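Trainee: Provided herewith is a single structure, encoded as structure tokens, for subsequent inquiry.
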Amino acid sequence: MLALFLFAALIPPLAGLYENLNPDASSRFQIFLGTTALVLALWAVSYNLMLGYTGMVSFAHAAYYGVGAYTVALIFKRYHLPILLGLAAAPFVAAAVGFVTGLVAQRAVRLYFSLLTLAISQLLFSLVYSSYDFTGGDNGIAITLPDQLTDYTTLYYFTAAIVGICLLLMFILVRSPFGAALLSIRENRQRAAAIGINVRLYELAVYTVAALFAGVAGGLFVMYQQQAYPEMLYWTANAQPVVVSLLGGTTTFLGPAIGAFIYVLLDLEAVPLSVRHHPRRHRAGRRPGRAWRNLGRAFGVPAPARALPSRRGG
Amino acid sequence: MFLRLRERFRRGEEDEAAPAESAGEAIRMFDVRKALASEAIQTEEVHSDQTLLRIEHVSRSFGGLRAVDDVSLEVKQGDRHAIIGPNGAGKSTLFNLLTGQLKPNSGKVIFDGRDITGKPPHVIARTGIGRAFQITTIFPKLSVRQNLQYAMLAHRGYTVRPFGIANRMFSAEAQDLAEAVGLGTWADLPAGQLSHGDQRAIEIAISLALGSKLVLLDEPTAGMSAYETDKAMELVRRLATERHLTLLFCEHDMSVVFSTARTVTVMHQGRVLTAGTPEQIRRNPDVQKVYLGELEQEEIGA
């Protein structure tokens, strides 16, 4: 855990160093990526409270992330209050929405629970998408940051501090007797009930807590992206915390956080490999040479070796 | 199916005739009467006339099938009460009604002076009924000690706490309990890696960790070898005596029933056929008909 915090703290200086060595690189971009990874880490770890610790598969986690984001954006845009007030309110609004919708989702278990959360997430999405006057519909809401936070490095450390506090709180939670109750529910619902645990109540509680931290993550997302948009709540957006959790491993507390860093790197490096992202796909057809070269670049193969697998010589 | 039952029934009879066969009752090798007399004294010590669990006219049907039909029975404090009956007699359904997995259509369940009819499982668990399920129900990926620790935490209502370190709470108590059921050496292993018999022992230990006054055992020896059965039932008898537990169990293995139970209730097609001491039950012609009479019909049919 300490190693990850240290790594997170060292990203901006390392990025600065990298920029000095390599004039092509932009430290601002690296720091931006670091911020993205931190927010994603918080989002995924909060999702893993349900997936890894309680054995609940929710498809509505993106909705609470979006609710957090819109709380920040709306408080700033519609009520003209300071943005930090919005950030403070985001977890509580998300938790409140999580609690109410959780009450509905709790009426079913396992697969049926998952399907209900899917419906809930779509409901929240269409609510945001269609109330054009209030949320701006598909235009989303753009915000401007206060002057103290406009610097990328400051914003990075600001985000890192909040993410760090949230991770610490969640870490205390999963080691506590409450966390023990969650684990026993994951292991065996029937036995958990037979030792006197009110399974439904604990599931609702963890659902609400996860929504709370997702709200924080959503609020931070708005801070560094400076906008909130309805796609954040769309059900496909929920694939992100799922994939990130599975990528890093659901059985350890920090697994999803590490997964978030891997995910951001893969997103940057591997997406251009896809044929569908080829910039000249329509004109030149499939060109595997380019893909091979990018794959090589991603894994640090020297340039002459990268050219070899190409049929057309790159 | 019925052949097996008959065999078990007969095995039960033979056991009583030559108790030396069972390793767990080696003491009877020397003097059967003396051993029986000592057990009678023991019985008197633990056994009281106070009723711990009373079931009053409980019924439950699934569609048109009356799985449990107007069942009434009483379990006395300190008793070891066995429920026997052929498959489909309603034993497991009755257990599910007692521990809240199912709600009865009618009737009342009174435990320790409190009405627990139709309460959810976690509430019933808190009032002091522990249960070992027919299919082993433990936390397989948690260590044996954690299994017991978490039960202790839940029983004392500590699981609402979002702080503190759960794995350090009740660690010594859990270790003691694991040793009491003979699993002290394996306390750090994931419970799911232990043998079937040991997993059943964990289940019983979880009931003890909950401080249950009444322990329900749903076929405690199902799927066990003869050696494991002897070992497991010896453990159950020892724990029940040491900790003044009241046992209610259902079982197909008649040797287990007649070696452990002090009261036997026979169920058949959802109803209570008869109840009494093991000796009375064995001599009851109706019981013999349920177990053996059907067999003849079966043979004629085949």
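The numbers here are math on the coordinates, done by the rules we state, and not lab data. This is a predicted model, so every value here is computed, not measured. Here Cβ is always computed from backbone atoms with ideal geometry, including for glycine, and neighbour counts include all displayed protein chains.
Trainee: From Cα pairs below 8 angstrom and at least 6 apart in sequence, can you work out the relative contact order of the stretch A:118-265, rounded to a whole percent? Mind dumping the intermediate values first?
Mentor: Working: 100 pairs, mean separation 42.8, N = 148.
For the stretch A:118-265, the relative contact order is 29 percent.
Trainee: So, in nm, how far is label A:Q226 from label A:N22 when the simple model puts each one 7 Å beyond its Cα toward the Cβ?
Mentor: About 2.6 nm separates the two model spin labels.
Trainee: Pop a pseudo-label 7 angstrom from the Cα along the beta-carbon direction at both A:L168 and B:F62 and give the gap in nm to one decimal.
Mentor: 5.3 nm
Trainee: So what is the relative contact order for chain A, in percent, with contacts set as C-alpha pairs under 8 Å and at least six apart? The partial results should precede the final answer.
Mentor: Numbers: 474 pairs, mean separation 92.2, N = 314.
Relative contact order for chain A comes out at 29 percent.
Trainee: Could you tell me the center-to-center distance, by alpha carbons, between the stretch A:7-31 and the stretch B:106-145 in angstrom?
Mentor: 59 Å
Trainee: Taking amide H positions as placed in the peptide plane 1.01 Å from N, state which residues far from A:Q227 in sequence (5 or more) or on other chains have amide H under 5 Å from it.
Mentor: So A:Q227 has HN proximity to A:I143.
Trainee: Using each residue's phi in the stretch A:147-159, evaluate 6.51 cos²θ - 1.76 cosθ + 1.60 at θ = phi - 60° and report the 3J(HN,Hα) Karplus result to the nearest Hz, with x for Gly and Pro.
Mentor: 4, 5, 9, 6, 5, 4, 5, 4, 4, 4, 5, 4, 4
Trainee: What order do you get for A:I143, B:I83 when you list them from fewest to most C-beta neighbours inside 10 Å? Before the final figure, lay out each step's value.
Mentor: Details: A:I143 19, B:I83 28.
Going from sparsest to densest Cβ surroundings: A:I143, B:I83.
Trainee: Hey, what do the phi angles of the stretch B:216-232 turn into as Karplus ³J(HN,Hα) couplings, whole Hz, using 6.51/-1.76/1.60 and θ = phi - 60°, x for Gly and Pro?
Mentor: My calculation for the stretch B:216-232 gives 9, 10, 8, 6, x, 10, 4, x, 9, 6, 4, 5, 4, 4, 4, 5, 5 Hz in order.
Trainee: Each residue of the stretch A:119-134 in order: what ³J(HN,Hα) in whole Hz does its phi give by Karplus 6.51 cos²θ - 1.76 cosθ + 1.60, θ = phi - 60°, with x for Gly and Pro?
Mentor: Working through the residues one at a time gives 4, 4, 5, 5, 5, 5, 4, 5, 4, 5, 5, 8, 7, 5, 5, 8 Hz.
Trainee: Let me ask something additional. For B:G78, list long-range residues whose amide hydrogen, built 1.01 Å from N in the peptide plane, is under 5 Å from its own amide hydrogen.
Mentor: Here B:T246 satisfy the definition.
Trainee: Checking the cross-link filter: which lysines have an alpha carbon closer than 24 Å to that of B:K103, excluding same-chain neighbours under 8 positions apart?
Mentor: B:K76, B:K91, B:K119, B:K213
Trainee: While we're on this one: In peptide B:147-153, what is the residue-averaged number of other protein chain Cβ atoms found within 10 Å of each Cβ? If you can, show how the numbers build up before the last one.
Mentor: Numbers: counts 5, 1, 2, 10, 8, 2, 9.
That works out to 5 on average.
Trainee: Name the residues whose placed amide hydrogens come within less than 5 Å of the amide hydrogen of A:M56, ignoring near sequence neighbours (fewer than 5 apart) on the same chain.
Mentor: Hits under the 5 Å cutoff: A:L51.
Trainee: What shape does the stretch A:1-144 take by its C-alpha gyration tensor, where a ≥ b ≥ c are the square roots of the eigenvalues and a/c under 1.5 counts as rounded, a/b above b/c as prolate, and the rest as oblate? Show your work: numbers first, answer last.
Mentor: Values: a/c = 2.46, a/b = 1.44, b/c = 1.71.
Since a/c reaches 1.5 but b/c is at least a/b, the shape of the stretch A:1-144 is classed as oblate.
Trainee: Here is a further query. Beta carbons within 10 angstrom, averaged per residue: use that to sort the peptides B:228-240, A:12-24, highest first.
Mentor: Values: B:228-240: 19.7, A:12-24: 12.7.
Peptide ranking by packing, descending: B:228-240, A:12-24.
Trainee: Using a 10 angstrom cutoff on alpha carbons, build the Gaussian network for chain A and name the most mobile of A:L33, A:L85, A:L118.
Mentor: Looking only at A:L33, A:L85, A:L118, the biggest GNM fluctuation is shown by A:L85.
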